[in-house]
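The values are calculated or read from the model by the stated rules, or taken from the named source; none is laboratory data. Please read these numbers as outputs of a predicted model, since none were measured by experiment. So basically every Cβ, Gly included, is an ideal-geometry build from the backbone, and we count neighbours across all protein chains shown. Accessible surface is based on the protein model in full, side chains and every heavy atom, while ligands, DNA and RNA are left aside. Shrake-Rupley method; radii C 1.70, N 1.55, O 1.52, S 1.80 Å.
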Amino acid sequence: MKNQELVFPIVNLQLSMGTNMRDIIDLKQARDVGFSAIQKAADFLRDRFGQAHSIKKKGAIDLVTEADEYAERLIIDTILAVYPDHSIIAEESGNVPAQSPCQWVIDPLDGTTNFAHNLPCFSISIAFAVNDETVFGVVENPVSGERFWAIKGEGAFLNGKEIRVSSTMSLSESLLVTGFPYDLKTIIDMLMARFKRCLEASQGIRRLGSAAIDLCYVACGRFDGFWEQNLHPWDTAAGALIVREAGGIVTDFSERPHLSNMKEILATNGRIHKELIGLL
Ligand code: IPD
Ligand code: CA
Ligand code: CA
């Protein structure tokens, strides 16, 4: 897909009760703006991958590179050039608040530790929400060229082909994926006890290092389930919609429907959900 400069008319986005969200924003246009933004960031990160980086620490093991920051700038500038009145939540620069009910939630580089170690498993995640409900999400691994995306109610896609979650019926037949939060030292015993229970009950567990990719791999059936805690909206907003649109279930560990501001996430093919809830 080639970079395109997109300019769309700005619609008045004041939502009133009963207004259909599709009446006030053209989701296909929003999707194309998201695609344009992720394409620019993906081209940039692919170019920078494998080179030396200036690495700063946000915490003891929480890294940020100049590439995270520049990719985020590219994404925000692309979105605001078309939708100057939309609000933004982005991992590295925080919030650009606005009156609009439309909000973009951005992780410019999910898997920074992998990126910093030249491991080609990282992604960009961009979600678009109206009145706090995610209605479009896109996740791309710039190195593999895989782009996952979904619009609410219209299915989930990987590079243009519709995807579905796996049909695995039991945990004992399942391949799982998880991640560990940066504050893991404070909760390590609980994390390991949970990991042990799931490891014993399943066919195996992987730790890829990009929550957005973990979710997309559940959506396309490579994994049967994913759980993690202490994630942020930018890690999960796009991927959670993609899982749901692919037929999966996304909740917290108490089976409440997952909202992107929730700290716990369990995403599965639906068939193993209850069994996994029992272990978490
Ligand atoms: C991290 C990745 C990782 C997960 C961490 C996240 P970042 O995001 O998604 O897989 O285990 O909890 O914070 O910091 O690379 O954007
Ligand atoms: Ca992240
Ligand atoms: Ca990040």
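Looking only at the range 199-215, which residues are of a type outside the set (A, V, I, L, M) and more than 10 Å from ligand 1 (Cβ to nearest atom)?
Glu200, Ser202, Gln203, Gly204, Arg206
Search the range 228-252 for residues being farther than 20 Å from Val135 by Cβ and either touching a Gly at 6+ places or on another chain (Cβ under 6 Å) or open to solvent by less than 10 Å² (accessible area, probe 1.4 Å) (or both), and hand back the single one that is farthest from ligand 3 (Cβ to nearest atom).
Selected residue: Asp252.
If you take the residues of the range 217-227 that are crowded, with 24+ Cβ neighbours inside 10 Å and of a type in the set (Gly, Ala, Ser), which of them is nearest to the chain's Cα centre (by Cα)?
Filtering first and then ranking leaves Ala219.
Which count do you get for residues in the range 58-100 that are charged (D, E, K, R) and either under 19 Å from Leu231 (Cβ atoms) or open to solvent by less than 10 Å² (accessible area, probe 1.4 Å) (or both)?
The number of residues fulfilling the criteria is 6.
Confirm whether Ile205 is away from ligand 2 (no atom under 14 Å from the Cβ), assigned to a strand (DSSP E or B) and over 24 Å from Phe128 (Cβ atoms). First the steps, then the outcome.
Details: away from ligand 2 (no atom under 14 Å from the Cβ): yes; assigned to a strand (DSSP E or B): yes; over 24 Å from Phe128 (Cβ atoms): yes.
The answer is yes for Ile205.
Of all residues being crowded, with 21+ Cβ neighbours inside 10 Å and within 15 Å of ligand 2 (Cβ to nearest atom) in the range 253-266, which is nearest to the chain's Cα centre (by Cα)? Just the residue, please.
Among those residues, the one meeting the criterion is Ser260.
Taking Asn131 and the conditions (1) within 16 Å of ligand 2 (Cβ to nearest atom); (2) under 17 Å from Asn261 (Cβ atoms); (3) open to solvent by 50 Å² or more (accessible area, probe 1.4 Å), which numbered condition does it fall short on, given that it satisfies the others?
(1)
Yes/no per residue for (1) within 14 Å of ligand 1 (Cβ to nearest atom); (2) modelled with pLDDT under 95; (3) not in a loop (DSSP other than H, G, I, E, B):
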site: Glu92; (1), (2), (3): yes, yes, no
site: Asn95; (1), (2), (3): no, yes, yes
site: Leu119; (1), (2), (3): yes, no, no
site: Ile126; (1), (2), (3): yes, no, yes
site: Val138; (1), (2), (3): no, no, yes
site: Val143; (1), (2), (3): no, no, no
